[in-house]
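A.B. asks: I am attaching a structure below and will ask some questions about it afterwards.
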Amino acid sequence: MITRKGITLGEGAPIICVPVVAEKKEEILAQIKALSESGFSMIEWRADYFDQLKDPDAVRALLDEARPFLSKTLLLFTIRTKAQGGQAELGEKLIANLEALAAGHTAVDLVDMEYLEFQRPDKHIRRLKKQDCIIIASHHDFSKTPDPDILKKLVAHMYADGSDIAKIAVMPESKADVLKILELTNAVHCEWPDKLFVSMSMGGIGSISRICGEVFGSCITFGSVNKASAPGQIEAGKLTQILDVIHESLEK
């Protein structure tokens, strides 16, 4: 478990994280403020949508202005590259520097780093962990569901390199692929019970994976409010109700 701002990851129902995917600074800040005031526990700023992402000073200035809205809300900083389904087309060095900037900023609680997009992910994780920040090592495949054994080995490397949380998101081609991810999640939880894991099978048929994390061992799920950041995300209000029902059933 990891506790920050009174919010505990890895205990009870998965934390719902709501994405902000706006392009303009004013809209990004307005959404962060509104989502925080609505009581959501975690917000993901998908910085790859930000129209000034290549300017570190602009990123820092936005985080400075966002900080007062986040006293009781976790902020996850994410740059999703085009290679993994996002918008960013930046070099590794710039991405690494922007993630280090975010990791060291007091507005940011978690940084998502795309594990396989770095030549030396272990080195980058060590750099980020020098800051007071939770590191998510992630991998996204928007075309298929790779072999679960391969994914499990990838997760093992993520943990060995020092990530606080490992995240796997894949696209199913069948219902059987969805079952593979649930089985992977359970296997990771059983083998590394003290580690935190996030998993999802994307798209419509994968939506079941977004609601059963408490059963299988996924500690964060992503729900949409203004605009979804990935296929299959469930509207956050409905997702809250579903997770509450499952949690209450498990408590009986």
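A.B. asks: Which listed residue (Ala103, Ala83, Ala156) has the Cα farthest towards the positive end of the charge dipole for the chain, taking +1 on Lys and Arg C-beta and -1 on Asp and Glu C-beta about the Cα centre?
C.D. replies: Of Ala103, Ala83, Ala156, it is Ala103.
A.B. asks: With θ set to phi - 60° and the Karplus curve 6.51 cos²θ - 1.76 cosθ + 1.60, what are the ³J(HN,Hα) couplings of region 7-18 in order, to the nearest whole Hz, using x for Gly and Pro?
C.D. replies: 10, 10, 8, x, 9, x, 5, x, 6, 8, 10, 10
A.B. asks: Summing -39500 (n - 2.57) over the DSSP H runs of n ≥ 4 in the chain and dividing by its residue number, what mean residue ellipticity at 222 nm do you reach, to the nearest 500 deg cm²/dmol?
C.D. replies: Counting only the DSSP helices, I get -11500 deg cm²/dmol.
A.B. asks: With a 1.4 Å probe and every protein chain left in place, work out the accessible area per residue of region 110-252 in Å², rounded to a whole number.
C.D. replies: 47
A.B. asks: Moving on to the next point. For region 1-110, just list the percent of Cα-Cα distances falling in each 10 Å bin from zero outward, please.
C.D. replies: 14, 49, 31, 6
A.B. asks: Separate question: May I ask for the longest run of the chain untouched by GluC sites (Glu not before Pro) that are loop-located per DSSP and have at most 16 neighbouring C-beta atoms (other than their own) within 10 Å?
C.D. replies: Counting at most 16 other Cβ atoms within 10 Å as exposed, the longest clean stretch of the chain is 90-172.
A.B. asks: ³J(HN,Hα) across region 201-216 via Karplus (A = 6.51, B = -1.76, C = 1.60, θ = phi - 60°), whole Hz, x for Gly/Pro?
C.D. replies: Taking θ as phi minus 60°, the curve returns 9, 7, x, x, 6, x, 4, 4, 5, 7, 10, 10, x, 5, 7, 9 Hz for region 201-216.
A.B. asks: Still on this structure, please answer the following. For region 150-251, just the Cα set please: Rg and Dmax, both in angstrom.
C.D. replies: Spelled out, the Cα radius of gyration and Dmax of region 150-251 are 13.5, 37 Å.
A.B. asks: Any idea which of Phe50, Gly39, Leu62 is furthest toward the positive side of the dipole for region 31-80, if Lys and Arg beta-carbons carry +1 and Asp and Glu beta-carbons -1?
C.D. replies: Gly39
A.B. asks: Would you mind checking which residues have amide H under 5 Å from Trp192's amide H? H placed 1.01 Å from N; only 5 or more apart, or other chain.
C.D. replies: It is none; the list stays empty.
A.B. asks: Still on this structure: List the aspartates and glutamates whose Cα sits under 14 Å from the Cα of Lys152, skipping any in the same chain fewer than 8 residues away.
C.D. replies: Partners within reach: Glu183, Glu191.
A.B. asks: Within region 1-137, what whole-number % of the accessible surface is contributed by carbon and sulfur, with the 1.4 Å probe and all protein chains included in the calculation? Intermediate results must be reported in sequence, preceding the final value.
C.D. replies: Details: 2710 of 5900 Å².
Whole-percent figure for carbon plus sulfur exposure: 46.
A.B. asks: Report the charge-dipole magnitude of region 1-160 in Debye, nearest 20, computed about the Cα centre from +1 at each Lys and Arg Cβ and -1 at each Asp and Glu Cβ.
C.D. replies: 480
A.B. asks: Next question. What is the gain in length, in nm to one decimal, between Ile7 and His157 on full extension, counting 0.36 nm per residue of separation less the C-alpha to C-alpha distance?
C.D. replies: Taking 0.36 nm per residue and subtracting the Cα distance, the gain is 51.3 nm.
A.B. asks: For the chain, list log₁₀ I(q)/I(0) at each q in 0.15 Å⁻¹, using the Debye formula over Cα point scatterers of equal strength and ignoring solvent, two decimals each.
C.D. replies: After summing over all Cα pairs, the log10 values are -1.05.
A.B. asks: Could you tell me which of the pairs Lys25/Lys72; Lys5/Lys123; Lys123/Lys238 are separated by over 32 angstrom between their Cα atoms in the structure shown?
C.D. replies: Details: Lys25/Lys72 21 Å; Lys5/Lys123 28 Å; Lys123/Lys238 40 Å.
Among Lys25/Lys72; Lys5/Lys123; Lys123/Lys238, the Cα-Cα distance tops 32 Å for Lys123/Lys238.
A.B. asks: Averaging sequence separations of C-alpha pairs under 8 Å and six or more residues apart, then dividing by the length of region 141-244, give the relative contact order as a whole percent. Walk me through the numbers on the way to the answer.
C.D. replies: Working: 156 pairs, mean separation 23.7, N = 104.
Averaging sequence separation for qualifying contacts and normalising by length gives 23 percent for region 141-244.
The values are calculated or read from the model by the stated rules, or taken from the named source; none is laboratory data. Quick caveat, the model's predicted, so the values are computed rather than measured. Note that each Cβ is placed from the backbone with ideal geometry, even for glycine, and that neighbours are counted across all protein chains shown. Side chains are part of the model used for accessible areas, which takes the heavy atoms of the whole protein and leaves out ligands, DNA and RNA. Shrake-Rupley method; radii C 1.70, N 1.55, O 1.52, S 1.80 Å.
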